[in-house]
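First up is the structure itself, then whatever we jot down about it.
The values are calculated or read from the model by the stated rules, or taken from the named source; none is laboratory data. In this text, all values refer to a predicted model and were calculated from it rather than measured experimentally. Cβ sites come from the backbone with ideal geometry, for glycine too, and all protein chains shown count toward neighbours. With ligands, DNA and RNA removed, areas are computed over all heavy atoms of the protein, side chains included. Shrake-Rupley method; radii C 1.70, N 1.55, O 1.52, S 1.80 Å.
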Amino acid sequence: MFTGLVEATGRVRNLRPEARGLWSLALETEAAFCESLKAGDSVCVSGACLTAVGMGKGIFQAQMMAETHRRTTLGTLRPGDRVNLERALALGGRLDGHLVQGHVEGVGTLERGEDEGPTRLLTFSLPPELVPFLVSKGSVAVDGVSLTVIEAGRERFSVGLIPTTLQGTTLQGLKRGDRVNLETDLVGRYLYRFWECRNLEPSTSEKKEPSGLNWDKLQQYGWDQGGERS
């Protein structure tokens with residue numbers, strides 16, 4: 001489990017296939033970050049949870065499955081590309097961002113970036129299957145960075161970045177058309193799944209009592225089935 005608060009950035013040294021269905025990613029970063037790792041530790045790399053398998057001075061190696069290589073932006077990394085890094089949350093530690101699993105659900109694309117004084121407003125497109133889980137003032141992880149959703153629409157959403165986030169993450173260097181890893185809010189996903197299962201038609205002739213949780217009630221708390229701001 002992670003918080004979405006980036007601890008360091010790193011640069012790709014190489015990405016290579018290690019065996020069928022297994023890839024090896026070597027990353028250069030701060031020596032202190034590498035020294036804090038041991039083999040088997042989980043590291044969030046631009047939003048994807050990977051396992052560290054080897055450490056050196058200012059460099060560590062992680063492994064990823066073919067699923068991660070295929071479903072995230074990590075499969076397109078090239079030497080020199082920058083990534084966001086975060087170690088797993090220690091039990092009892094402060095949760096200053098939001099609960100992030102490091103399980104990338106989809107890839108979004110930057111449509112627009114606008115400066116508003118020292119801050120920057122970014123608008124991303126998103127896969128349609130993620131639309132129900134993004135709500136205005138909710139949380140989203142973009143390349144592993146915990147951000148607050150400003151506007152949530154049917155095809156896109158926007159977030160704002162303060163100077164500290166811009167300076168300490170890779171998001172500052174995003175250009176129009178760049179792809180990012182997305183993970184929606186864990187609580188929202190479970191709530192949606194609960195509602196979905198509770199409202200399935202019973203498979204037998206015996207009818208269940210109507211669920212007390214429906215879209216009317218969800219909308220009272222800021223949810224919208226289409227993803228529009230309510």
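The table for this structure:
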{"read-out": "Residue ID - surrounded by the most Cβ atoms within 10 Å (Cβ to Cβ), chosen from residues in the range 131-148 that are modelled with pLDDT of 95 or more and not in a strand (DSSP E or B)", "value": "GLY144"}
{"read-out": "Selection within the range 149-201 - within 15 Å of THR109 (Cα to Cα), outside any strand (DSSP E or B) and open to solvent by less than 40 Å² (accessible area, probe 1.4 Å)", "value": "GLY153, THR170, LEU171, LEU174"}
{"read-out": "Strands (runs of 3 or more DSSP E) fully within the range 1-105 counting 2 or more residues that are open to solvent by 50 Å² or more (accessible area, probe 1.4 Å) and polar (S, T, N, Q)", "value": "59-65"}
{"read-out": "Options LEU85, LEU77, LEU50, LEU37: the member that is within 20 Å of ARG13 (Cβ to Cβ) and touching a Leu at 6+ places or on another chain (Cβ under 6 Å)", "value": "LEU77"}
